[in-house]
Amino acid sequence: MAQFTTISEILEAVKEEELDFIRFHFSDADGVFKELDVPPALLESAFSKGLPFDNSVGGTFKPTGSDLMLKPDPRTFSILDYGRQNYGRVVCELTFLDGQPFDGCVRSALKLFVRKIYQAGYTFSVSSSLSFYLFDASFVASGESFSPSPETIMKTEAVKREILSALNVAEIDIVSLRQMHQGGPISIVFKEGSVLRTADNIMTAKYLVTDVARRHNLHASFMPKPATTMEGLTTTFGFTLMKDEFNEFYHPDQEMMISDKARGFIAGIFKHIRAICAVTNPTVNSYKRIVQKGKAPYYVSWSAVDRHSLIRLPSSRGRATRIEVQNADSSCNPYLSLLVLIAAGISGIDDNLKTIPAVNFETHDYSESEKQALSAGTLPNTLREALLAFNNDALIREALSDSISSSIYQTGIFEWSDYIGCVHTWELEKYL
């Protein structure tokens with residue numbers, strides 16, 4: 001993402017471009033960028049000292065008291081000049097006023113975790129994808145299945161072109177932006193990058209997609225399952241473990257040409273997957289996507305062939321060998337999702353865990369009992385099940401800070417309680 005190597009280069013570019021403001025972005029607890037627009041005159045001081053910030057605006061994991069500092073990361077600075085706009089933006093971390101890391105900052109949590117595992121000998125790179133829908137006002141109002149009008153189709157094409165331009169300006173490298181059919185989900189496939197940059201890229205892409213759609217009078221949705229008849233939205237993460245330019249998940253002489261470390265990584269994720277779902281699938285609606293006979297993974301299995309498995313091994317080997325996790329949805333917070341998935345995978349490597357056999361065929365037409373027999377269980381059926389597993393999983397909770405873990409659990413339980421207290425359309429149609 002970075003197009004500048006020093007802070008002085010950034011300050012000079014801001015002056016030359018005559019930018020009116022710099023947009024400071026930071027992630028809230030739900031994985032959505034909050035923003036503050038800052039005059040250029042304050043940028044140099046913000047880089048060196050931070051910018052005082054009252055987090056009572058909401059959306060963060062709150063400490064005692066409300067005053068924090070926004071500390072911009074100069075490596076994320078870019079000038080966004082797409083769509084007749086021209087302003088600077090930078091991704092920030094939250095610290096206490098004395099400069100110490102705030103334990104509720106999700107970006108800092110991932111950054112510190114990556115540093116810790118690097119010191120233990122682990123260096124990961126990640127490929128990823130993000131899917132979303134573009135709706136017009138009629139769908140947002142009704143929530144029924146979506147059949148776009150000719151006008152909406154034309155707007156969608158314009159939005160896709162402008163999203164590509166915006167991603168390019170933000171220096172986010174992608175493989176493709178694709179939509180398989182009109183009215184269907186749109187997917188951005190990102191190029192492989194470092195763990196932190198991958199999370200930054202997903203967050204920035206969400207922001208840009210939402211911004212571009214809004215200015216074309218469309219609504220960008222990352223809701224996991226917008227309607228019963230519609231395809232769910234996915235975020236995928238493909239992990240590669242590197243050491244001295246060598247992919248440690250690859251082994252040419254072992255079955256499927258993957259190493260014991262790869263199998264341990266898979267086994268670690270399987271062991272903790274029900275707790276992980278509280279992070280990767282964080283809403284009530286997430287579990288409308290994870291159902292039997294659906295396209296999303298439901299059974300805990302892995303395969304190089306079956307595209308409905310929880311973990312998929314793409315066919316490439318050698319340097320390109322990767323482990324692709326497919327259960328996360330587009331509402332997830334990528335900072336926290338990457339953290340817990342890697343923590344679980346590393347635990348499997350360190351503990352020499354053994355995984356179940358791979359599924360070497362497509363299971364789409366198999367019965368549910370046959371799929372169950374090939375798996376290590378199922379994903380949670382509800383947010384409540386995931387939260388209970390999360391609350392009882394010491395490794396996943398300890399990988400996060402106490403502040404973040406407690407907030408995930410309490411916020412989720414509140415959402416679940418609110419949901420089950422509501423009378424829904426299905427109940428009215430069935431029982432009234």
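The values are calculated or read from the model by the stated rules, or taken from the named source; none is laboratory data. Fair warning: this is a prediction, and the values are worked out from it, not measured in the lab. Methodologically, a virtual Cβ is constructed for each residue, glycine included, from the backbone with ideal geometry; neighbour enumeration extends over all protein chains shown.
Among the numbered conditions (1) among the aliphatic types (A, V, I, L, M); (2) surrounded by 19 or more Cβ atoms within 10 Å (Cβ to Cβ); (3) out of contact with any Leu (no Cβ under 8 Å at 6 or more places or on another chain), the only one that residue 188 does not meet is (3). Screening residue 139 against (1) under 27 Å from residue 80 (Cβ atoms); (2) surrounded by 22 or more Cβ atoms within 10 Å (Cβ to Cβ); (3) more than 16 Å from the chain's Cα centre (by Cα) leaves a single unmet condition, (1).
Got at least one residue in segment 150-157 being assigned to a helix (DSSP H, G or I), within 25 Å of residue 289 (Cβ to Cβ) and in contact with a strand residue (DSSP E or B) (Cβ under 9 Å, 6 or more places away or on another chain)? Among the residues of segment 150-157, at least one is assigned to a helix (DSSP H, G or I), within 25 Å of residue 289 (Cβ to Cβ) and in contact with a strand residue (DSSP E or B) (Cβ under 9 Å, 6 or more places away or on another chain), which makes the answer yes. Scanning segment 353-384 for residues that are surrounded by fewer than 19 Cβ atoms within 10 Å (Cβ to Cβ) and either free of Cβ contacts under 8 Å to residues at least 60 places away in the same chain or basic (Lys, Arg) (or both) yields 354, 357, 360, 361, 362, 364, 365, 366, 367, 369, 370, 373. Only one of (1) closer than 23 Å to residue 290 by Cβ; (2) not in a helix (DSSP H, G or I) is not met by residue 202, so which one is it? Unmet for residue 202, out of (1) closer than 23 Å to residue 290 by Cβ; (2) not in a helix (DSSP H, G or I): (2).
Every residue, every condition in (1) under 30 Å from residue 94 (Cβ atoms); (2) within 16 Å of the chain's Cα centre (by Cα); (3) in the same structural domain as residue 236 (by TED's automatic domain parsing); (4) in a helix (DSSP H, G or I), yes or no:
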{"site": "266", "(1), (2), (3), (4)": "no, no, yes, yes"}
{"site": "282", "(1), (2), (3), (4)": "yes, yes, yes, no"}
{"site": "341", "(1), (2), (3), (4)": "yes, yes, yes, yes"}
{"site": "346", "(1), (2), (3), (4)": "yes, no, yes, yes"}
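Residues in segment 385-401 that are part of a helix (DSSP H, G or I) and either surrounded by fewer than 12 Cβ atoms within 10 Å (Cβ to Cβ) or among the hydroxyl-bearing types (Ser, Thr, Tyr) (or both): 394, 398.
Annotation: of all residues in segment 197-225 being crowded, with 19+ Cβ neighbours inside 10 Å and of a type in the set (Val, Ile, Thr), the one that is nearest to residue 286 (Cα to Cα) is 202.
Scanning segment 352-384 for residues that are charged (D, E, K, R) and in a helix (DSSP H, G or I) yields 368, 370, 371, 384. Scanning segment 39-54 for residues that are over 27 Å from the mean Cα position of the chain (by Cα) and part of a strand (DSSP E or B) yields a single hit, 52. For segment 64-81, taking the residues that are assigned to a loop (DSSP other than H, G, I, E, B) and either at pLDDT 95 or above or within 24 Å of the chain's Cα centre (by Cα) (or both), the one that is nearest to residue 9 (Cα to Cα) is identified as 77.
Looking only at residues in segment 90-124 that are among the hydrophobic types (A, V, I, L, M, F, W, C) and assigned to a loop (DSSP other than H, G, I, E, B), the one that is surrounded by the fewest Cβ atoms within 10 Å (Cβ to Cβ) is 120. Every condition in (1) part of a loop (DSSP other than H, G, I, E, B); (2) free of Cβ contacts under 8 Å to residues at least 40 places away in the same chain holds for residue 8 except the one numbered (1).
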